[in-house]
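The values are calculated or read from the model by the stated rules, or taken from the named source; none is laboratory data. Bear in mind that the values here come from a model prediction, so they are computed numbers and not experimental data. Note that each Cβ is placed from the backbone with ideal geometry, even for glycine, and that neighbours are counted across all protein chains shown. Ligands, DNA and RNA are excluded from the accessible area calculation, which covers all protein heavy atoms including side chains. Shrake-Rupley method; radii C 1.70, N 1.55, O 1.52, S 1.80 Å.
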Amino acid sequence: MRTSGVRAFAHHHLAGRLPRVASRRPVLEETEELADAVAARTTDPVTRAAVYVSALLSCGWTREQLAALGFGRRLLDAGGAAWSHLSRLDRFPPRAAARALLITECHRELFDRGPNDLVWGEDLARADSRRPGFGDAATVRRLIADLGTDAERTLWYAVTALTPLRRPEAVEPLLAARTRVLAAGAPLSYAAEALGSAATDAMTPAHLPLALRLFAGTEPAEQPAEQPAQEPGQEDEDDEDEDERANLRYCLAEFLRTLDDPAARAAAARYDAEEEEREYRAVLDRLGADPAPAGRAELVRLLIDRVAENPYQGDLIKALGKYGDASALPVLTATLGHEHGAMQAYADRAIERIGGPAARREAVLAVLRDPAAAHRRAAYAAGRLGLTEAVPGLIGVLRDGSGEGRAAAVAALARLRAVEAVPDIAALPWTTGQRIRSRYDARLLALRQLGPGPDPARVEDLALDMVRWSVLDVRGSGGTFLRDLAVDVLALCDSPRATELVAQTLLHGTVRAALVRPLAERGDPALVEVMIHVIRTATDPRIRRLATEGIRRAAHHPDADPERLGEQLRWLRDDTTAAWLEPRVPERPGRMERLRRIAAAEEPRARAQAVKSLALLGTPEALELVAGLRADPSRHVRACVEGVLRGVPIADR
């Protein structure tokens, strides 16, 4: 591709694209501004075009894709170096590195910022990991050497690339780099956690002594009774060091759990005990009780009182689930019906942790029976637990509950397959559970699973209203998604009006299995031509099989006309489907002649199906015709013939 065409190509493919980093302008807008700045400093067309190549690479294009489209090597080298911001890692030519340096300088002058190192490191490491041979010994040695650099980009790239490789020889260099960046402080200290995690992931059982030594070195320090006054900012640094120590200790404990060694098991058990004690003390600090509770029973009573007094305390609800007993279930059941969704979720988990699924079922049913409670979480839980006895309560929520509770009840009733709730679901307002003019209609989503139920006329009217609304040119009306959802519901309504609309959709619109399946299951002879159209136009073999089954059912319908069906099947123009139908529909004159013609067809798949259909007929004439195909040029057809002659049963498909 000529350099003059790169700009037009970039404009076509970058229009409307936004960068990965938030609060930034569109990619194309910044790229044009950068290209103007580069053009003011150089007349080299490759350098100016490389600005657009680097933008394409940053938006997901690969070097191989651009090369296949005709981008030259010099252009790709310069654009790749400008995108990676570190040309030596990809071993770009010096000229490409010089062009990339100019682009980077203009970028800094214009936008007063450098590249996002985290995003850059992840993208570049991911792209390199797909290269053949990446991860060999030479690459690992180079990455380990890069761990000793002070360049943020190089260090983050090395950490990101070494993490999935999990090479044992990189464990000690990773730990040494972690110690170095912690001692150096900002701006490299943010990589300490990633370095520690990568080191523990790469450990093997041979590193057990090292892991135990490190685990002992990260023991929580004893706090002295009197601490000297700290310098301004020193407290924050101490907190950061403590967090990094805790992160490494957690990673080491997870590694030690995987080892079958007494020392490793003892260290992991000690870590669990420390975490338990830390969480217990955190709960006591949150309670702020004076004096502190003497035992667990007193702690539980205090937690119950605090939660009953003020349910807006998620951490205390979670603590009650961990330390509580059956005495905490009443207050947790009341919290399950609280108006705040997060508190409902915390209470739901706490109830199951204390009493198991049985206690959760009782709490859910109690909340649904309470008209003054908030029913959102309880309704969702009823659906997930399969509580069919909760259906009356859920229907009551549809009639008298709030918007969020109604949406949850609709989802639960659909999950429970409660067909008796269809009239109440269809009577709900459109805004149930979402904003006005949302593309996601909770009612239609449920009715697509439940069907028309005992009130098909109301469901049909609702779906037709949604079809009319979706075709209006209204912003946020749902468009094709809402229309498809409504037509899926109409396909379940066995009425002339609904069937006609669905048939027109199949003939002139989108062909989907959700539309074909209900019509095929009815086996209506009036829909045979629609099924033939689906077979001829659908690309999905599952949809074609559904339409074929619809024709078979229509042929056995009491109102079927064999002569009319024979005329319709002439329009099929699919020898494979015609051969499959022949032994499965009522016999029509000329059956053997039609199968003989298909057995001589050009397509091997059609000839193989003709062999299977002749075998299903089982007449001497049919078997003689099968035996005459032993010398067929297709191996698949010959295998079918041998199977028929040996008496192998023929599958229905």
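Scan segment 454-470 and give yes if some residue there is of a type in the set (Val, Ile, Thr) and within 34 Å of the chain's Cα centre (by Cα), otherwise no.
yes
Residue by residue through segment 55-81, note down the ones that are open to solvent by less than 60 Å² (accessible area, probe 1.4 Å), within 18 Å of Pro94 (Cβ to Cβ) and either of a type in the set (Val, Ile, Thr) or in contact with a helix residue (DSSP H, G or I) (Cβ under 7 Å, 6 or more places away or on another chain) (or both).
Matches in segment 55-81: Leu75, Leu76, Asp77, Ala78, Gly79, Gly80, Ala81.
Residue under question is Asp315, and the condition is that it be without any contact (Cβ under 8 Å) to a residue 12 or more places away in the chain, closer than 24 Å to Glu279 by Cα, open to solvent by 50 Å² or more (accessible area, probe 1.4 Å) and part of a helix (DSSP H, G or I); does it hold?
Against the criterion (without any contact (Cβ under 8 Å) to a residue 12 or more places away in the chain, closer than 24 Å to Glu279 by Cα, open to solvent by 50 Å² or more (accessible area, probe 1.4 Å) and part of a helix (DSSP H, G or I)), Asp315 does not qualify.
What residue, of Ala526, Ala538, Ala547, Ala554, is farther than 26 Å from Asp441 by Cβ and in contact with a His (Cβ under 9 Å, 6 or more places away or on another chain)?
Ala547
Just one of Ala407, Ala381, Ala373 is under 25 Å from Val489 (Cβ atoms), among the small types (Gly, Ala, Ser) and open to solvent by less than 30 Å² (accessible area, probe 1.4 Å); which is it?
Ala407
Being surrounded by fewer than 17 Cβ atoms within 10 Å (Cβ to Cβ) and under 27 Å from Gly341 (Cβ atoms) is the filter here; which residues of segment 285-312 pass it?
Once the filter is applied, which keeps residues that are surrounded by fewer than 17 Cβ atoms within 10 Å (Cβ to Cβ) and under 27 Å from Gly341 (Cβ atoms), segment 285-312 yields Asp285, Arg286, Gly288, Asp305, Ala308, Glu309, Asn310, Tyr312.
Rundown of residues vs (1) surrounded by fewer than 18 Cβ atoms within 10 Å (Cβ to Cβ); (2) outside any helix (DSSP H, G or I); (3) out of contact with any Ser or Thr (no Cβ under 6 Å at 6 or more places or on another chain), yes/no style:
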position: Arg141; (1), (2), (3): yes, no, yes
position: Ile144; (1), (2), (3): no, no, yes
position: Ala161; (1), (2), (3): no, no, yes
position: Ala170; (1), (2), (3): no, no, yes
position: Leu175; (1), (2), (3): no, no, yes
position: Val181; (1), (2), (3): no, no, no
position: Ala191; (1), (2), (3): no, no, yes
position: Arg213; (1), (2), (3): yes, no, yes
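Which condition number in (1) under 30 Å from the mean Cα position of the chain (by Cα); (2) closer than 23 Å to Ala408 by Cβ; (3) free of Cβ contacts under 8 Å to residues at least 60 places away in the same chain is the one that Gly341 fails?
(3)
Has segment 275-294 got at least one residue that is out of contact with any Phe, Trp or Tyr (no Cβ under 6 Å at 6 or more places or on another chain) and among the β-branched types (Val, Ile, Thr)?
Checked against the condition, which is being out of contact with any Phe, Trp or Tyr (no Cβ under 6 Å at 6 or more places or on another chain) and among the β-branched types (Val, Ile, Thr), segment 275-294 yields at least one hit.
For segment 139-159, name all the residues that are hydrophobic (A, V, I, L, M, F, W, C) and out of contact with any helix residue (DSSP H, G or I) (no Cβ under 7 Å at 6 or more places or on another chain).
Ala145, Ala151
Could you tell me which residue of segment 480-493 is most open to solvent (accessible area, probe 1.4 Å), considering only residues that are closer than 15 Å to Ala457 by Cα and touching a residue at least 40 places away in the same chain (Cβ under 8 Å)?
Here the residue is Leu492.
What helices (runs of 4 or more DSSP H) lie completely within segment 529-634 and have 3 or more residues being open to solvent by less than 60 Å² (accessible area, probe 1.4 Å) and under 25 Å from Arg512 (Cα atoms)?
Correct list: 541-555, 562-569, 575-581.
Could you list all residues from segment 338-359 that are under 20 Å from Gly403 (Cα atoms) and surrounded by fewer than 24 Cβ atoms within 10 Å (Cβ to Cβ)?
His338, Glu339, His340, Gly341, Ala342, Met343, Ala345
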